[in-house]
Each structure stands twice: as C-alpha cells, then as structure tokens.
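Only one structure is covered here, and it is reproduced in the block below.
The values are calculated or read from the model by the stated rules, or taken from the named source; none is laboratory data. Keep in mind that this is a model prediction, so the values were computed, not measured. Reconstructed Cβ throughout: ideal geometry from the backbone, glycine too, with neighbour counts over all protein chains shown. Areas reflect the complete protein model, heavy atoms only, side chains present, ligands, DNA and RNA absent. Shrake-Rupley method; radii C 1.70, N 1.55, O 1.52, S 1.80 Å.
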Amino acid sequence: MAVLRLKFTKNKRDKLAQVLWILNWISVLTGILLFSLGLFLKVEINKQGELMAERNVQHVPNMLISVGLIACAINFLGGKICYDCVDTTKFLRWKLIMLPYIICTFFFTFCMLVGALMCYSMRGELEESLNLGLTDAIKFYKDTDTPGRCFLKRTVDMLQMEFHCCGNNGYKDWFQIQWISNRYLDMSQKEVVDRLRSNVEGKYLMNGVPFSCCNIDSPRPCIQQQITNNSAHFNYEHQTEALNLWMKGCRQALLEYYTDIMQSIGLTVLIIWLFELSVLTGVRYLQTSLENVLRQGDLNLESDGWLLENSFMETARINLNIIKCLGKGNQIDTGNNGDPNINVPSTSNAHYGPDNREPKEIPEAS
C-alpha cells in the first residue's frame with residue numbers, strides 16, 4: 001500500500017511544478033544564507049584563535065560552508081527540473097534522473113540536520129579549547145619580548161575589557177602566575193627579592209591583577225594591588241567589592257557568547273532543513289504523479305502521487321534484499337572448495353577437428 005497517496009489532475013501537476021520551481025530558487029537563497037552563517041561563525045572563532053588550543057572547533061563552520069555551497073547547486077538543478085516539468089512532455093528528459101536526484105537530496109538534507117545538531121553539541125569541545133588556550137595565554141602574558149607571544153598581552157587585555165571578564169575562571173587566576181615581566185621588577189628592593197625567593201619556582205606572585213580587569217562601572221578607583229588585603233585600602237572589603245573588578249571568568253564569558261551564536265545558527269539551520277524537506281516532498285509527489293500519468297498514456301488524465309510506493313516496512317525489506325543480493329553477487333561459491341573451474345565441462349568428449357577424431361600420439365624418437 002502506497003504511503004500518503006494523493007490524486008493529481010493535470011492542472012494540479014502543473015501548479016505543483018510551478019510552485020516547486022519558485023521554492024527551489026528560494027532554497028538557493030537559503031543555501032547562500034547557510035554559507036554566510038558558516039563563514040560568520042568561522043570568522044568569529046578565528047578572532048579569538050590565539051586564545052584557543054588547537055582543537056577541532058572548525059568542523060562546524062566548515063560543514064555549514066560546504067552544505068551551503070552544495071545547497072545552491074542542488075536547488076539550482078531542482079529548479080531547472082521543476083521548470084521543465086511544467087510541460088509534461090519535457091519530463092521525459094529528466095525521468096531517469098529524478099529518482100537519483102531525490103535520493104541524493106534526501107541524504108543531503110540529512111547532513112543539514114546533522115549540521116544543525118552539531119551546533120548544539122559543539123559547546124563541550126569549545127569549552128575545553130578555551131580552557132587550555134586561556135590558561136596558556138595568561139601564563140605567557142608577561143612574555144612581551146618573546147617572538148610569537150609578544151601580542152598575547154594586548155590580546156588578553158582587549159578580551160577582558162571587551163567581554164567584561166577577568167582571568168580564565170576568575171580574577172584569582174592571576175594570583176597563581178607571574179604576569180609581570182622580570183624586566184619591570186626592581187631587584188634592589190628587598191620585598192621583590194624576598195618574594196622571588198619565597199616561591200619554589202622563583203616566580204613573582206602577588207594578589208594583583210592587570211588593569212584590564214577593572215570594572216569601569218565601579219564608583220571607586222580600581223584596586224589592582226593587594227586585592228585580598230582589606231587593611232591596605234580605606235573602607236574596603238574585598239568580599240563585597242564586586243563592582244571593583246570583573247567577577248566573571250573569560251572562559252565563561254566567551255562560552256556564553258559563542259553558545260548564543262551557535263544556538264541561533266542551529267535554530268536557523270533547523271528551519272532551513274524543514275523547508276528543504278518540504279520542497280523535497282513536493283518534488284517526490286511531482287515525480288511519482290508524472291510517472292503514473294505517462295504509464296496511462298494520456299497526459300490529461302488524473303494520476304496518483306505518493307511518497308513511497310509500498311509501506312515503510314515493505315520498502316525496507318525490498319531494499320534489504322537488494323543489498324543482500326548485491327553482497328552475494330560478489331562472493332565466490334565455496335561449495336566446491338572455492339574452485340571456480342570445478343563445473344567447467346571435461347574435454348574428454350570434446351570434438352577434435354573436422355573429422356571428430358582424437359589426434360594421434362607422436363612416437364618418441366628411438
């Protein structure tokens with residue numbers, strides 16, 4: 001029994017072909033939109049590329065870019081097919097192509113669905129990449145004279161000011177690393193020397209943060225040094241001075257920023273996927289209804305259209321049998337010990353020339 005069988009008159013078939021022609025051109029625009037969204041996400045990720053570890057976080061934008069380009073090509077071809085199918089006689093040139101086209105488009109729309117789901121599942125990989133990358137960036141913040149790291153200070157400062165964040169997980173991350181270069185430390189001061197000697201690794205650690213951690217909304221001047229020392233500042237309680245520094249870690253701030261982008265893109269891709277699926281359904285109805293009217297011989301008659309000629313279970317069983325037959329066709333018969341020539345007829349009864357006589361043996365030389 002056919003799945004979702006519908007009746008189509010000649011007028012309905014012609015209108016369906018015209019509507020699908022327009023929808024395929026709209027789908028070309030959605031392909032351009034997918035390409036643009038992938039390109040936008042790729043650019044946004046590359047903006048913070050210095051703050052990310054080398055993780056496979058580019059596969060989502062790369063997939064969206066690829067899917068967008070393929071969508072433009074597939075829907076352009078679909079528009080041409082539907083335009084020709086307005087004239088039933090022109091359908092003959094596409095008759096053998098439409099079913100493979102529908103199958104390929106179906107798998108393509110499945111890839112589009114996968115791309116949408118990947119936008120929602122990318123958060124874990126992105127969080128790990130940001131965690132490792134920001135940890136290294138903060139560690140090398142002071143290396144302004146080292147090639148390859150000299151711009152990290154500026155990058156981290158711009159990040160903290162733009163996203164209103166401080167450190168990787170919070171401002172206390174700066175307490176655990178030396179973020180001031182030795183060239184700016186006065187080694188003649190006993191306090192500096194004692195602090196360097198007190199640390200096992202010889203690092204200058206302090207309970208201070210860079211200026212970029214300062215909250216511009218704070219009503220008091222920013223306190224960067226001795227943050228946890230209440231007695232070092234007048235009328236100060238570091239536990240309650242939440243407005244003096246950015247409290248949110250940069251990893252969390254960036255993760256929220258990228259998550260909002262990816263969720264918006266994922267929702268857009270899902271909507272495009274539903275639209276593409278509806279267009280593909282219409283093309284399938286057009287194909288089956290035109291094939292059925294050609295079988296009847298009269299192009300003006302009413303014809304049936306369906307999604308599947310048989311039920312889902314019957315279609316699955318038929319396809320499974322086809323796959324099994326293809327697999328058996330590539331196997332060698334092992335019933336006769338794998339000898340492909342075992343059933344070749346013997347030459348004992350073969351004909352030997354025009355007289356059908358066995359050739360005489362050549363006598364051996366004496």
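In the set C166, C119, C111, only one residue is surrounded by 19 or more Cβ atoms within 10 Å (Cβ to Cβ) and in a helix (DSSP H, G or I); that residue is C119. For the range 137-151, residues that are assigned to a helix (DSSP H, G or I) and at pLDDT below 90 total 0. Contact annotation: residue pairs with Cβ atoms under 6 Å, 6 or more positions apart or on different chains, pairing a residue in the range 123-136 that is more than 12 Å from N56 (Cα to Cα) with a partner that is surrounded by fewer than 16 Cβ atoms within 10 Å (Cβ to Cβ) and of a type in the set (G, A, S), are L132/A53; G133/A53.
Which of the residues belonging to the range 271-289 are hydrophobic (A, V, I, L, M, F, W, C) and farther than 15 Å from R5 by Cβ?
Once the filter is applied, which keeps residues that are hydrophobic (A, V, I, L, M, F, W, C) and farther than 15 Å from R5 by Cβ, the range 271-289 yields I271, I272, W273, L274, F275, L277, V279, L280, V283.
Hey, among the residues in the range 201-224 that are under 42 Å from the mean Cα position of the chain (by Cα) and under 18 Å from Y141 (Cβ atoms), which one's modelled with the lowest pLDDT? Result: G208.
Residue check: is F40 in a helix (DSSP H, G or I), more than 30 Å from T135 (Cβ to Cβ) and not acidic (D, E)? Criteria not met by F40.
Residue under question is E291, and the condition is that it be at pLDDT below 75 and surrounded by 14 or more Cβ atoms within 10 Å (Cβ to Cβ); does it hold?
no
Whenever a residue of the range 257-282 is within 14 Å of V114 (Cβ to Cβ), it has no partner that is modelled with pLDDT of 95 or more and among the polar types (S, T, N, Q) lying with C-beta atoms less than 6 angstrom away and at least six residues away or across chains.
Among the residues of the range 169-214, just one is among the polar types (S, T, N, Q), under 15 Å from N244 (Cα atoms) and surrounded by 17 or more Cβ atoms within 10 Å (Cβ to Cβ), namely S212. In the list V67, V57, V86, V3, which residue meets the criterion of being loosely packed, with under 14 Cβ neighbours inside 10 Å and touching a residue at least 24 places away in the same chain (Cβ under 8 Å)? It is V3. Pull up the range 219-257, narrow it to residues that are open to solvent by less than 50 Å² (accessible area, probe 1.4 Å) and touching an Asp or Glu at 6+ places or on another chain (Cβ under 8 Å), then point me to the one that is nearest to D173 (Cα to Cα). Within the range 219-257, the match that is nearest to D173 (Cα to Cα) is G249. Take S212 and decide whether it is assigned to a loop (DSSP other than H, G, I, E, B) and of a type in the set (S, T, Y). No; evaluated as a whole, the condition is false for this residue.
Of all residues in the range 185-207, those satisfying the criterion of being part of a loop (DSSP other than H, G, I, E, B) and of a type outside the set (D, E, K, R) are L185, M187, S188, Q189, N199, V200, G202, Y204, L205, M206, N207.
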